[in-house]
Amino acid sequence: MGTTGPAFLVTGATGPVAEATIRLMAKRGDRLLLTGRDRARLAELDRAYGAEGQVETYAVDVTAPGGADEAAARAAERFGGLGGLVHLVGSFHAGPVVFTGAEHYERLLRVNFLSAVTVTQAVLPRLSDGGRLVYFGTPLAQEPLAALSAYAASKAALLAWVRSLAHEVKHRGVHANAVVMTMADTPQARADRPQADFSEAVTPELVAGAVGFLTSDAADGLYGSLVPVLGRFGFSTALAAGPPRGGGNG
């Protein structure tokens with residue numbers, strides 16, 4: 001690994017999808033500050049990828065007051081500035097509206113949406129020329145399903161905000177985009193959903209490939225784009241029982 005790549009703050013680096021992205025960016029030579037709350041997992045990442053001045057770890061909760069600014073300041077200090085952000089922080093909740101208390105909506109809005117706002121506010125003043133900002137959404141933000149109102153609403157807020165942000169920062173050469181992904185095939189997901197058919201899931205490596213693209217010069221034309229990484233996921237309905245007799249009316 002070289003030491004000349006751009007420097008990125010990677011939040012939520014201890015999450016189940018993050019390591020493939022860390023591996024790709026580290027191999028490419030990017031300088032990374034990996035942040036998260038799970039100190040044991042950060043230690044594992046440090047053993048696997050850590051190198052002073054290249055890939056470093058820092059335990060901080062960016063959803064807590066002051067945490068976002070602390071993380072961005074640390075990254076800028078260690079690398080002499082920042083070239084971008086990969087914001088992997090997120091949370092999930094399922095349940096019908098009648099049984100989903102306001103506290104669940106507030107928590108998901110704080111973690112899935114407001115954390116992106118506060119981290120970005122901390123990163124933007126510390127960016128060197130240009131910059132790459134990557135966030136993570138879900139197709140449920142556009143087509144929410146039953147019992148996922150809190151999660152879908154928080155991600156819908158995030159994606160609308162990313163598109164607005166992109167207009168604000170594009171004239172500075174800053175690219176703000178989002179990966180729109182469905183469930184990833186991870187050991188944690190398989191343990192949580194033993195009956196699910198993961199042939200329709202995406203892999204962390206596919207997600208990493210999209211992040212690698214969005215943080216590279218190949219994405220120079222993208223501002224406010226929502227890049228779908230959905231694998232073979234699809235919405236289904238009993239109405240889609242096959243083509244109509246006679247080929248339909250259109």
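Brief remarks on what is shown
- Single residue of Gly95, Gly90, Gly29, Gly81 found to be over 18 Å from the mean Cα position of the chain (by Cα), closer than 20 Å to Val123 by Cα and not hydrophobic (A, V, I, L, M, F, W, C): Gly81
- Some residue of the range 27-38 being more than 18 Å from Gly67 (Cα to Cα), buried (at least 16 other Cβ atoms within 10 Å of the Cβ) and not charged (D, E, K, R): no
- All positions within the range 120-141 that are farther than 19 Å from Val89 by Cβ and without any contact (Cβ under 8 Å) to a residue 24 or more places away in the chain: Pro125
- If you go through the range 158-182 and keep only what is surrounded by fewer than 19 Cβ atoms within 10 Å (Cβ to Cβ) and closer than 19 Å to Ser115 by Cα, you end up with Ala160, Trp161, Arg163, Ser164, Glu168.
- Trp161 meets all of the listed conditions (1) of a type outside the set (A, V, I, L, M); (2) within 26 Å of Gly67 (Cα to Cα); (3) at pLDDT below 95 but one, namely (3).
- Sole exception among (1) within 25 Å of Ala208 (Cβ to Cβ); (2) at pLDDT below 95; (3) touching a Leu at 6+ places or on another chain (Cβ under 7 Å) for Ala72, by number: (2)
- Residue ID - surrounded by the fewest Cβ atoms within 10 Å (Cβ to Cβ), chosen from residues in the range 207-225 that are farther than 20 Å from Ala20 by Cα and in contact (Cβ under 8 Å) with a residue 24 or more places away in the chain: Asp220
- In the range 69-97, the residues that are closer than 23 Å to Lys155 by Cβ form Cβ pairs under 6 Å with partners that are among the small types (Gly, Ala, Ser) and in a loop (DSSP other than H, G, I, E, B), at six or more places apart or across chains, as follows: Leu88/Gly12; Leu88/Gly15; Val89/Gly12; Ala94/Ala147; Gly95/Ala147; Pro96/Ala147.
- Filtered by the rule that a residue be out of contact with any helix residue (DSSP H, G or I) (no Cβ under 6 Å at 6 or more places or on another chain) and part of a helix (DSSP H, G or I), the range 118-130 gives Thr120, Gln121, Leu124, Pro125.
- Some residue of the range 142-157 being surrounded by fewer than 17 Cβ atoms within 10 Å (Cβ to Cβ), modelled with pLDDT under 95, more than 22 Å from His93 (Cα to Cα) and acidic (Asp, Glu): no
- Only one of the listed residues (Leu124, Leu108, Leu85) is crowded, with 18+ Cβ neighbours inside 10 Å, touching a Phe, Trp or Tyr at 6+ places or on another chain (Cβ under 9 Å), farther than 22 Å from Arg23 by Cβ and modelled with pLDDT of 95 or more. That residue is Leu108.
- Answer residue from the range 186-206, given it is without any contact (Cβ under 8 Å) to a residue 24 or more places away in the chain and not small (Gly, Ala, Ser) and is nearest to Val17 (Cα to Cα) among those: Arg190
- Residues in the range 183-201 that are in contact with a Lys or Arg (Cβ under 9 Å, 6 or more places away or on another chain) and surrounded by 17 or more Cβ atoms within 10 Å (Cβ to Cβ): Met183, Ala201.
- Per-region count, the range 56-68, residues free of Cβ contacts under 8 Å to residues at least 12 places away in the same chain and either under 21 Å from Ala20 (Cα atoms) or among the aliphatic types (A, V, I, L, M) (or both): 1
The values are calculated or read from the model by the stated rules, or taken from the named source; none is laboratory data. A quick note: this is a predicted structure, and the numbers were derived from the prediction, not measured. FYI the Cβ positions are ideal-geometry reconstructions off the backbone, even for glycines, and counts take in every protein chain you see.
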